[in-house]
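Every number in this text was worked out from the coordinates using simple rules, so none of it is lab data. Keep in mind the model is a prediction, meaning the values are calculated, not measured. Neighbour counts are summed over all protein chains in view; Cβ atoms, including those assigned to glycine, are modelled from backbone coordinates with ideal geometry.
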Amino acid sequence: MSVDRQAREASAQLRAAVQREVEPMTMFTELRARRSRRRAAATVTGVAAVAAVAVVLGLTTPWREDAHPLPAGTPSVRTPSRPVGDELVVERLDNGVITLTGLRAPLPHTPGLVRDITGFAAFGFSADGDRLAYTTVGGVRPQGGRADGEVHVRDLTNGKDQQLGSCSFPCPMAWTPDGSAVLSIQRGSVVRFDSVTGTPTPVATPAGWTLTSLDISPSGIVVAAGRAADRASLLTMGVDGSHPTVLLALGTSEELSVARWSPDGRSIAFVHRTTRAEDTTAEAAFSVRRVTSAGTGARSLADVGRCQCVGIEPTLAWAPDGRLAVASPLSDTTHLYTVGAADLAPMDGDAVGPIAWRPGG
Amino acid sequence: VNANARHEAAAQARPSSPFVQEARPFEEFYRTELAGLVALARGLCSPAIAEDIAQEAMLVAYRRWPDVSELDHPEAWVRRTTANMAVSQLRRKLAEIRAMRRSRDVEPVGRLSQDHESFWAMVRTLPHRQAQVVALYYLYDMSVADVAATLEVSEGSVKVHLSRARESLARRLGASSGQEQP
C-alpha cells in the first residue's frame, strides 16, 4: 500500500474519531471561561503580577503573530436589483385594505383584508403561479391567546377563493411540490390540507417540537424553524411526517424563524434572532443565515437590524432563479434587499409584511 | 484603522439602510472549524494536548475576531495558527502543563487503530514544515495551492515538502511513496 493511501485512510479515521468526540458547544463554553479567567487575572493582580502574567501569556499565545490576509479571493458579485421573469409579491396597505401586489404589476384577483384583521400571516404560490395560498391570523382575544386564523387557496385566473380550514398563530403555510396540498399548523400540530377539497390530514411530529415556519423542497422535504427540546432548531421531515430530523440545533436563548429552501434544494436560509422571540428584556440582533441541506456550513449572509421587540422580525423569500429577497421591518420603512454571494443590493419598493415570489410565466 | 471603525464608517455611509454588514459570528465560525482544528493538532502533536492546542488557537481568533473575521479566509488563518502552535516545542510544553494541572482526567481525543496511530506518530517526527504540509494536505483534503495559501508559502515549496515527507514516510513504513490515483 502506498504512503498516499495510508495517509488518506489515517486522515479519514482521525477526522471521523474527532468528529465523534468533539463537542463544540461544551468546548465553546470552556473557551469563554478560559478567556474570562485570563481577563480577570490580568485585571486584579498588581503591576508586578500583571507583568508576570503578560510574560506567561505572551509565551503561551501567539499575540505577536500577524494576521496576514490571504490573497484576495473572487470579488463579491452584486445580484441584479430587479427580478426578471419571476415577480416578488408583497403585502400593501391600500385605502384601509391590506392587499397583495407584485412589485412591477398588481396581482390579478388579489384578496383584500380589512385593516382590523392582523393581515396576511403567510402566503405562497403554486409551482405554476396560478394559485395563491394564504393564511390570516386571528387577533388577540380579551381572555388571552389568539383567535384561530384561516387557510385559503385562491385561483388567480378567476378569483375563486376557498377556505381550506383554520390555523393557529403564527399560521405558517407551504405548498407541496405537486400543488395537491397546503401544510399549516393547527393548535401546535402540522396539518396537510387538500388544496381542492380542504380535507385535513394530521401530520405527526415528535414530542417536544414547536414549529413556527414551514417550507417544502422540490423533492418534498419539509423544513421548519422552531424548537426541539427547547433549543432553537431547524427541523426536517417528509410531508407525511416521516424521517423527522433535527438538522441544526442552537441555544435555548436564541430563535430561528422563516426557514426557506433554495430552489435547488441544496441550502436553507433562515432568520436568526439572538434572543427568544418573547424576550423583551434585551435587544435582539437579527441576521439572515444559510446552511446546507445537511445542516452543515452554517454562515451569516447579512445582519438585518436590531430591536427590543416582540412580533417584529425580518422575512425572506428565495426566488426560483436563486436570488434571496429579504424584507426588514426594523426601521420606519420596510426595505427590500437581495442577498448575493457576499453582499446586499437594495431592491425598488417596500413591504409591510410577508413576501413571496410568484413564478414567471 | 481597526475593524470596528471600518464598520462604523460603513454604517455612517449608508444611513438610510437598515442593513449593516457585520462580521461572521465567532460562535458559528467556532462550531464549523473546531473539529478540523482538533484533528489537525491531533496529527501534529500529542493526543493529550490536541484539544488544548486547538482551543488556544481559537482563543487567539476570539480575541482578535474583529480583525480575523475581516480576512478573506479566516479559516486559513486559524488553521495556520493551529499548525504553528502544534509544532512549537514551547507551546506544547505549556499545553502539557495545563493538561496535567486540570483537576479532571482528560481523555485523549480521537482514538485510532494501531496502524493509524503509528502513521501519525511518524508524521510528528518529520521536520515541522513537512508535518504541517502532510497534515493540511490529507486531513483537510486540500490542494497544493490551498496548502500553500494556508501556510503562506509558495506552491513549489509545498510540493517539495510533500514529496520529501512521502519519501521519508515510505522508507519507514516500507511502502511506495507514489500518489495513488483516485
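Quick notes on this one:
- If R0 is taken as 45 Å, the Cβ-Cβ distance between B:Arg171 and A:Arg306 corresponds to a FRET efficiency of 0.15.
- Approximating the spin labels as points 7 Å out from Cα along Cα→Cβ, the B:Asp115-to-B:Ser154 distance works out to 3.8 nm.
- Tensor-based shape of the range A:136-236 (alpha-carbon gyration tensor, a/c under 1.5 rounded, otherwise prolate or oblate): oblate
- FRET efficiency, A:Ala294 to B:Ser143 (Cβ-Cβ, R0 22 Å, nearest 0.05): 0.45
- Cα centroid separation, the range A:201-280 to the range A:145-191 (Å): 18
- Order of B:Tyr140, A:Tyr134 under a 10 Å beta carbon neighbour criterion, fewest first: B:Tyr140, A:Tyr134
- Linear extension gain, A:Thr210 paired with A:Glu30, 0.36 nm per residue minus alpha-carbon span: 61.8 nm
- Where labels lie 7 Å past Cα in the beta-carbon direction, separation of A:Ala127 and A:Asp279 in nm: 4.0
- Per-residue shielding of B:77-87, expressed as the average number of other chain Cβ atoms within 10 Å of the residue Cβ, stands at 2.
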